[in-house]
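As C-alpha cells, the structure follows; a few thoughts come after it.
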Amino acid sequence: MAERIEQRLEDRVPELEQLERVGLFTRREIRAVLRKASALEYKIQRRALRKEDFINYIQYEINLLELIKKRRARIGYSFKKDEIEHSILHRVHSLFNRATGKWKDDVQLWLSHVAFCKQWNSKHQLSKVFSTMLAIHSNKPALWIMAAKWEMETRLSSESARHLFLRALRFHPECPKLYQEYFRMELMHAEKQRKEKREFEQAKMDLGEFSYSEEILNGEMARIVYRNAAQKIKGVEFQLAVLSIAKLFDFTQDLQKEILESLQSSYAEDPLMWDYLARRELELGALQPTEHTTKHRRVAELAQREQRCWAVFDEAVGAVPTEDMWKCYITFCLERYNRKTNSEELKQKRLERTLSVFNKAHECNLLPEALYKQWLQLLLESRLSEKAVEVAEAAARRFSLSVDTWHMRLRVLIQLEREDVTQCFEEAVKHVKSKGTLPLWILWVEWSEGTNSKEDTEALYQRSLHVTTPAESVTMKEMYLDWTYRNGGYKKVRRVFTSLCENRPLSLDFFRKMIQIEKEQESCKILRLREYYERALREFGSTDTDLWLDYIKEELNHPQGKPENCGSIHWRAMKMLQGDLVEDFVSKYTLLQTGHL
C-alpha cells in the first residue's frame, strides 16, 4: 500500500514543479499540498473504505483547482494548463469513478460528478458518466431527462437526445414527465431547424441537394410523440401540460388545436378541462389588438372577457354539477375579485358575480365546506351581516358534525355581537362529539371572559374540564389556572392548582406556570417552590432534563435555598432519567457548575 501511495505522490511532482516554476505557489505551499495529499491518499487506500474520505479528497482537489484559477486571474498567467489543471482534473475524475464504483446506489455522488464535469467543461467525461449512471439507475426518469437535456442544450445533438428519450420510455412507458420533456425536445428541434432555414434563406445560400423536411419543420415529430403518449397516459393534467408546452412555440397552432379537440372530446366531464376552457377566454381576448387605449375602453374589454369566462363556467356547472366544478368556478371568481383595479364599477361587478356564484352553489348543496369561510368573510367585508348570519346557520345545519363549521358560525355571531351566542355554543357542543371540541371550548371561555361574570366563566371552565377528552383538558387546565390568577389572586390560584393536580393528565407548562406565579410574589417561599417542582418531577422527571436543572438552580439562587440539597437532586435525576437523557443531563450540569449555563 505504501508503494502505491508513494507512486501516486510522485505522479504529482511534475504539476507541483510547474506550479512553483510559474509562480502560482511557493515552495512552502507545495510542501503543504504534498503533506495533505499524502494524508488523504492513506485514507482512501485502507481496507475499510469510507465514503467521507473520498468526498473530502475530492473536495480538497476541487478547492485546489479553484485556488489555482484565482491565482492565475490575479497574476494574469494563462499558460501550462495541460500540465497543471489537466492532471488534477484527471485525478478528480479517477476519484469519482472509484467512489461511484464502490457506492453505486448513491445518486447524490453521481450527481456531484455530473456537476463537476459541467463546471469544468469535461464534455467527453460527462458523456461517459451519464452512460454509466443510466445503466445503474435506469429506474429514475429524472436522470434520463437530465442526460437528454444536456445532449440537446449543451452538445446540440437532438439525435442523441431523442435516442436517450426512446431508451428511457422503454423503461418507463407510462411516465408523464418523460413524454412532456420528449415532446418539448422535438419542438425545440423543429424550432432550431426553422431558424437555420430562415438564416440560409436570408443569406441566399445554395444548399445543393440538402433540404429541410416540411413535416419536421411543422412539428410532426412532436405530434407523433403526443399521440403515442395520449394512448398510454390518461388524465386531463397531462393533456394540459402538453398544451402549455406547445403554446410556447409560435408554429404549433394546428398541434394546439388537435390537443384541445382531444381534451374536449375525451374529458368533457372533468372540471379541470372546463376550468382551462374558461380561463382561456381571458387569454384569447388579451391577444386581440385594440385601436382605442383609453382607460374606459380597456376596462370595458376586460369586463367582456370576464363575461365570456363566466359564460363558459355557467355552461360547465350545468354539464358537470359537482363540488369540484363549483370550486373551480368560485376560485376563479375570487381571483378576479382580489385583482387590483381602479374601476369601482368593475370591482362591484366582480363582487356581485362572486356572491351570486357562492349562493347558487349553496342552493345546489354543492358548496364545499372549506369555501363557506371565504363566503362569510366576503359577506362581512361587504357589510351584509344578516346574510352572513343566515349563511353561517345554514352551513352549521349542513355540516352539523364539523367543529370548524360551528367555530366559524360562532365567530360570526361574536363579531356581530349577537345575543344568541350562548345558545349557539350549547347547540354546538350538543351536536359535535366530545373529541375535537377543544377549539369550541377555548372560543367559549375567551368570549365569556370578556362578556359574562366571573362566576359564570369559572363554572364554564369547570364544565369544560369534565366534557373535553383527557388530552384536551390539559389545555383547559392551563387556561383556567392563568385566568384564576388574573381574576382571583394568589390564594385562589393555589387552591385551584391543588384541586386540578388531582385530575390527570397534566402538562409541564401547567406546573411551570404555577412556579412562575410563585416567583412573582413578594414573599416567594422556597418550600412552595419545592412542592411544585416535586409534583412536576413525579409526572415528568423521567423525560425532562431542564426541569431537574431548574430545580437545582432554585436551590442555588433562592435566598432560602439549600445548596447542599443539589447533590441529592442530582442523584435522583441520574436514577430517574431515561436513556440518552442521562448523558445530556450530565453535560448540562457540568456547564452549570462551571458557570456556562
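The values are calculated or read from the model by the stated rules, or taken from the named source; none is laboratory data. Please read all numbers here as calculations on a predicted model, not as lab measurements. Quick reminder, even Gly has a Cβ in these numbers, built from the backbone with ideal geometry, and neighbours come from all protein chains shown. For the accessible areas, the whole protein counts, side chains as well, though only heavy atoms, and no ligand, DNA or RNA atoms are used. Shrake-Rupley method; radii C 1.70, N 1.55, O 1.52, S 1.80 Å.
Straightening the chain between Ala319 and Glu66 buys 84.7 nm, computed as 0.36 nm per residue apart minus the Cα-Cα spacing.
How much FRET efficiency would the formula 1/(1 + (r/R0)^6) give for Leu166 and Arg35, where r is the Cβ-Cβ distance and R0 is 60 Å, rounded to 0.05?
Plugging the Cβ-Cβ distance into 1/(1 + (r/R0)^6) gives 0.70.
Looking only at the stretch 533-565, which residues have a backbone nitrogen under 20 Å from a spot 7 Å from the Cα of Ile526 in the C-beta direction? The answer is 533-537, 547-565.
To the nearest 0.05, what FRET efficiency results for Thr154 and Gln374 with a Förster distance of 45 Å applied to their C-beta separation?
0.40
Across the chain, the relative contact order, built from alpha-carbon pairs under 8 Å that are at least six residues apart, equals 4 percent. With a Förster radius of 60 Å applied to the beta-carbon distance between Gln7 and Val467, the computed FRET efficiency rounds to 0.15.
Equivalent-ellipsoid semi-axes for the stretch 356-458 (Cα gyration tensor, √(5λ), whole Å, largest first): 25, 16, 10. Highest mean packing first, where packing is the average number of other Cβ atoms within 10 Å per residue, the peptides 153-166, 558-571 line up as 153-166, 558-571. Taking max minus min of the alpha-carbon positions on each principal axis, the stretch 213-356 gives extents of 53, 40, 20 Å, largest first. Here the stretch 532-596 yields Rg over Rh of 0.94, to two decimals, using C-alpha coordinates and the Kirkwood radius.
Label-to-label distance, Val22 versus Ala300, with points set 7 angstrom from Cα along the beta-carbon direction: 7.2 nm. For the stretch 451-516, the equivalent ellipsoid derived from the Cα gyration tensor has semi-axes of 17, 16, 9 Å, listed largest first. Available extension along the chain between Trp571 and Cys364 is 67.6 nm, counting 0.36 nm per residue and deducting the alpha carbon span. Find the relative contact order for the stretch 1-103 and round it to a whole percent, using C-alpha pairs within less than 8 Å whose residues are 6+ positions apart. Taking the mean separation of contacting Cα pairs over the length of the stretch 1-103, I get 33 percent.
A full extension of the chain between Ala459 and Arg198 corresponds to an added length of 85.4 nm, given 0.36 nm per residue minus the alpha carbon distance. The residues of the chain present an accessible area of 56 Å² per residue when probed at 1.4 Å with all protein chains retained.
Hydrodynamic analysis of the stretch 1-103 uses the Kirkwood radius over alpha carbon pairs. Inserted into Stokes-Einstein at 20 °C and 1.002 mPa s, it gives a translational diffusion coefficient of 149 µm²/s.
Only four residue types carry charge here, +1 at the Cβ of Lys and Arg and -1 at the Cβ of Asp and Glu. Report the dipole size of the stretch 1-103 about the Cα centre in Debye, rounded to the nearest 20.
So the magnitude is around 340 debye.
Evaluated at 37 °C with a viscosity of 0.692 mPa s, what Stokes-Einstein diffusion coefficient in µm²/s does the stretch 142-295 have when Rh comes from the Kirkwood expression over alpha-carbon pairs? Answer, rounded: 189 µm²/s. Placing +1 on each Lys and Arg Cβ and -1 on each Asp and Glu Cβ, with no other charges, gives the stretch 532-596 a dipole about its Cα centre of roughly 200 debye. Each principal axis of the Cα atoms in the chain has its own extent, and those three values, largest first, are 101, 77, 46 angstrom. Modelled spin labels at Lys177 and Ser507, positioned 7 Å past Cα toward Cβ, are 4.1 nm from each other.
Helical content alone sets the calculated 222 nm signal of the chain at -25500 deg cm²/dmol, taking -39,500 (n - 2.57) per DSSP H segment of four or more residues and averaging over every residue.
Looking at the P(r) of the stretch 452-597, how many percent of alpha-carbon pairs lie beyond 20 Å? Tail of the P(r) past 20 Å holds 53 percent of the pairs.
Computed from label points 7 Å out along Cα-Cβ, the spacing between Ser138 and Ala241 is 2.3 nm. Apply the a/c threshold of 1.5 to the C-alpha gyration tensor of the stretch 314-415 and tell me whether it is rounded, prolate or oblate. Oblate, since a/c reaches 1.5 and b/c is not below a/b.
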